[in-house]
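**Q** Sharing a structure with you now.
The values are calculated or read from the model by the stated rules, or taken from the named source; none is laboratory data. Note that the coordinates shown come from a computational prediction; the quantities given were computed from them, not determined experimentally. Cβ sites come from the backbone with ideal geometry, for glycine too, and all protein chains shown count toward neighbours.
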Amino acid sequence: MFYFDNFYGKKVLKSSLLDDTDCFFTTREFVLTSRDRLDLEQESERNKTFLLNKLNCEKIYTAEQTHSDNIQIISKDKTLYENTDALISNIENSLLMLNFADCVPIILYSKKDNTGAVIHAGWRGTAKEIAKKTGEKLVKSYNILPENITAIIGPAIGKCCFETSEDVFEQLIKDKTNKELYKKINDKYFIDLKLLNKYQLTNIGIKNIDSCEYCTCCMSDIFFSYRKEKGKTARHSAILKIKGVR
């Protein structure tokens, strides 16, 4: 179950499945990436410093997101990954961050193995099955059992608002009989990206999944929405800290 929490005075969204882990989704109150909102640049830089201090980390590991299915296992000395839409780490005290404004944010984490990933899945990444591929890479690279992985699928544009063309529909929907995944109104399709990503994860054996019902387009007062704000917007972020030795 998802709930809003207070991170040292900043509003964030957490899942009860990982509420004892330093992972959450930020809101408009805690902007870390300003993008087209130049007026938020200084605030976002201050917030990054604030985040590092509060989580006792030295660096943020992030990526230049391109709607690809490229996945990188981070190395300790490299903090920015080009042309990448999923990051994996088992480095203690590493802090992973990817950014969103309607696309689907996914955090994978194995408490048993202290290893996790953050995934950016827009419709192109979803069509390329980036969630499935990241889960498989996590399992194969670290010999992790899928049943030990918890997945939280964060706030993203919902089926209510993700109106798209037949071309995009054909790329995304393989099983046309599954009406849970989409609805058709006239010649437009409305697709459930979060459910598509959930199916990708369950298909590789990840069963412990919490999927957020919030639509970023409907709730653009709390989250950033590229579609609602016609591209002139900042980003909210998915944050995962890999625990250090206690």
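**Q** Please work out if G158 is closer than 18 Å to L13 by Cα and modelled with pLDDT of 95 or more. Lay out the reasoning, then the answer.
**A** Values: closer than 18 Å to L13 by Cα: yes; modelled with pLDDT of 95 or more: yes.
Yes.
**Q** So in segment 127-165, with the set limited to residues that are of a type in the set (A, V, I, L, M) and either touching a Cys at 6+ places or on another chain (Cβ under 9 Å) or assigned to a strand (DSSP E or B) (or both), which one is farthest from L193 (Cα to Cα)?
**A** At the first step, the residues of segment 127-165 found to be of a type in the set (A, V, I, L, M) are 127, 130-131, 138-139, 144-145, 149, 151-153, 156-157.
Checking the rest, the ones that are also either touching a Cys at 6+ places or on another chain (Cβ under 9 Å) or assigned to a strand (DSSP E or B) (or both) come to 149, 151-153, 156-157.
Numbers: I149: 21, A151: 15, I152: 14, I153: 10, A156: 8, I157: 8 Å.
Looking at the filtered set, the residue picked out is I149.
**Q** Also: For segment 185-197, how many residues are at pLDDT 95 or above and surrounded by fewer than 19 Cβ atoms within 10 Å (Cβ to Cβ)? Quick ask: steps written out before the conclusion?
**A** If we filter segment 185-197 for residues that are at pLDDT 95 or above, which is where we start, we get 189-197.
From the residues that got through so far, the ones that are surrounded by fewer than 19 Cβ atoms within 10 Å (Cβ to Cβ) too are 190, 195.
The qualifying residues number 2.
**Q** Somewhere in segment 1-18, is a residue touching a helix residue (DSSP H, G or I) at 6+ places or on another chain (Cβ under 6 Å), surrounded by fewer than 17 Cβ atoms within 10 Å (Cβ to Cβ), aliphatic (A, V, I, L, M) and part of a loop (DSSP other than H, G, I, E, B)?
**A** The answer is yes, given that some residue of segment 1-18 is touching a helix residue (DSSP H, G or I) at 6+ places or on another chain (Cβ under 6 Å), surrounded by fewer than 17 Cβ atoms within 10 Å (Cβ to Cβ), aliphatic (A, V, I, L, M) and part of a loop (DSSP other than H, G, I, E, B).
**Q** Now for a different question. Could you list, in sequence order, all residues of segment 66-88 that are among the aliphatic types (A, V, I, L, M) and in a loop (DSSP other than H, G, I, E, B)?
**A** I74
Yes or no, residue by residue, for (1) out of contact with any helix residue (DSSP H, G or I) (no Cβ under 7 Å at 6 or more places or on another chain); (2) within 29 Å of R37 (Cβ to Cβ); (3) of a type in the set (G, A, S):
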residue	(1), (2), (3)
T84	yes, yes, no
A101	yes, yes, yes
A117	no, yes, yes
A127	no, yes, yes
T134	yes, yes, no
V139	no, no, no
P155	yes, yes, no
C161	yes, yes, no
E170	yes, no, no
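**Q** Name the residues in segment 113-126 that are surrounded by fewer than 19 Cβ atoms within 10 Å (Cβ to Cβ) and assigned to a helix (DSSP H, G or I), would you? Explain how you work it out, then say what you get.
**A** Restricting attention to segment 113-126, the residues satisfying the condition of being surrounded by fewer than 19 Cβ atoms within 10 Å (Cβ to Cβ) are 113-114, 124.
Across segment 113-126, the qualifying residue is only R124.
**Q** Cβ-Cβ distance below 6 Å, separation of 6 or more or different chains: which pairs start in segment 155-178 with a residue that is small (G, A, S) and end on one that is part of a loop (DSSP other than H, G, I, E, B)?
**A** If the second residue must be part of a loop (DSSP other than H, G, I, E, B), the pairs left are A156/T216.
**Q** OK, next. Just checking, how many residues over segment 3-25 are within 14 Å of the chain's Cα centre (by Cα) and closer than 18 Å to L108 by Cβ?
**A** First, the residues of segment 3-25 that are within 14 Å of the chain's Cα centre (by Cα): 12-15, 23-25.
From the residues that got through so far, the ones that are closer than 18 Å to L108 by Cβ too are 13-15, 23-25.
Total satisfying the criteria: 6.
**Q** Pick out, from segment 182-246, the strands (runs of 3 or more DSSP E) lying fully within it that include 1 or more residues that are within 14 Å of the chain's Cα centre (by Cα) and in contact (Cβ under 8 Å) with a residue 60 or more places away in the chain.
**A** 208-211, 236-241
**Q** Name the residues in segment 114-128 that are over 14 Å from the mean Cα position of the chain (by Cα) and touching a residue at least 60 places away in the same chain (Cβ under 8 Å), would you?
**A** Residues satisfying the conditions are N114, T115, K128.
**Q** Please work out if S165 is more than 25 Å from K14 (Cβ to Cβ) and out of contact with any helix residue (DSSP H, G or I) (no Cβ under 8 Å at 6 or more places or on another chain). Steps first, please.
**A** Working: more than 25 Å from K14 (Cβ to Cβ): yes; out of contact with any helix residue (DSSP H, G or I) (no Cβ under 8 Å at 6 or more places or on another chain): yes.
So S165 fits the description; yes.
**Q** I'd like the full set of residues that are in a helix (DSSP H, G or I) and closer than 29 Å to K230 by Cβ, limited to segment 34-65.
**A** So in segment 34-65, the residues in a helix (DSSP H, G or I) come out as 38-55.
Matches in segment 34-65: L38, D39, L40, E41, Q42, E43, S44, E45, R46, N47, K48, L51.
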